[in-house]
Amino acid sequence: MSRIVIVGGHGKVALLLAPILAARGDEVVSLIRDPGQSADVARTGAAPLALSVETASTAELVSAFDGADAVVWSAGAGGKGGPGRTDAVDRVAAIRSMEAALQAGVPRYVMVSWNGSFGDDPVPADHPLHAYAKAKIAADRYLQSTGLAWTILGPGTLTADEPTGRIAVGRPSQGADGPARTSRANVAEVVAAVLADASTAGKVIPFQDGPTPIAEAVARVGTEFSDLSGSRLA
């Protein structure tokens, strides 16, 4: 049994992840921005804790993370509030949560990022997701510099498709229209799988829906994707 704190506990991936963790016996605490979301979270088997990561201090996050075996970052501004809020949540608050995890003595940190988070210019400057992409790559790189046992997950374009329990690991190809489709339910299963597999610490795992069983796919990944400064693959 592990104590897992999910940041962004009312998000679509988090609401799918919490029951997976609870069903296997983990104690799950889900941080939520709005106390009105508590009932939704409680139905997943997680304990809701109202604390906005956008405004929470490091000390408040340390308290929330106390006794945790792992923190899962599944929060995001979702494009709301413009570039300023995107940076405040996806970079500044994410980094603050990493510092809090270190201070709280949390050994494990799993970041839900995105498939294209590598290179100096993840998307063109005129792309609507430019601010998000810059914030995410900055947070991901910072996480790699910490002393946490981190794993960075990079799903492709999220969908509401049913879970298949199978994925393909790899970055998007150069010239592609965008990252391939990835079921949110599969993302939740990948998070659960890496939390259960210590060998995934220190690894970046970009993925999409595919043919390989999730536990097998994540166990196979080496460090080939861990250089986030790398160019896009041809």
Note on the stretch 92-146: residues charged (D, E, K, R) and either assigned to a helix (DSSP H, G or I) or farther than 26 Å from GLU189 by Cα (or both) are ARG96, GLU99, ASP120, ASP121, ASP126, LYS134, LYS136, ASP140, ARG141
The condition of being in contact with a Lys or Arg (Cβ under 8 Å, 6 or more places away or on another chain), under 18 Å from ALA196 (Cα atoms) and part of a helix (DSSP H, G or I) holds, among VAL29, VAL71, VAL13, only for VAL13
Conditions (1) charged (D, E, K, R); (2) crowded, with 23+ Cβ neighbours inside 10 Å; (3) in contact (Cβ under 8 Å) with a residue 60 or more places away in the chain -> ARG108 fails only (2)
Please determine whether any residue of the stretch 59-67 is of a type in the set (Asp, Glu), assigned to a helix (DSSP H, G or I), in contact with a helix residue (DSSP H, G or I) (Cβ under 9 Å, 6 or more places away or on another chain) and modelled with pLDDT of 95 or more.
yes
Exactly one of ARG141, ARG184 is buried (at least 16 other Cβ atoms within 10 Å of the Cβ), in contact with a Leu (Cβ under 7 Å, 6 or more places away or on another chain) and more than 17 Å from ALA70 (Cβ to Cβ), and that residue is ARG184
Residue pairs qualifying under the 8 Å Cβ cut-off, at least six apart or on distinct chains, with the first in the stretch 69-81 being surrounded by fewer than 24 Cβ atoms within 10 Å (Cβ to Cβ) and the second being of a type in the set (Val, Ile, Thr), are ASP69/ILE4; ASP69/VAL106; GLY76/VAL89; ALA77/THR86; ALA77/VAL89; GLY79/THR86
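The values are calculated or read from the model by the stated rules, or taken from the named source; none is laboratory data. The structure displayed is predicted, hence computed values, not measured ones. Glycine gets a Cβ as well: all are built from the backbone with ideal geometry, and neighbour counts include every protein chain shown.
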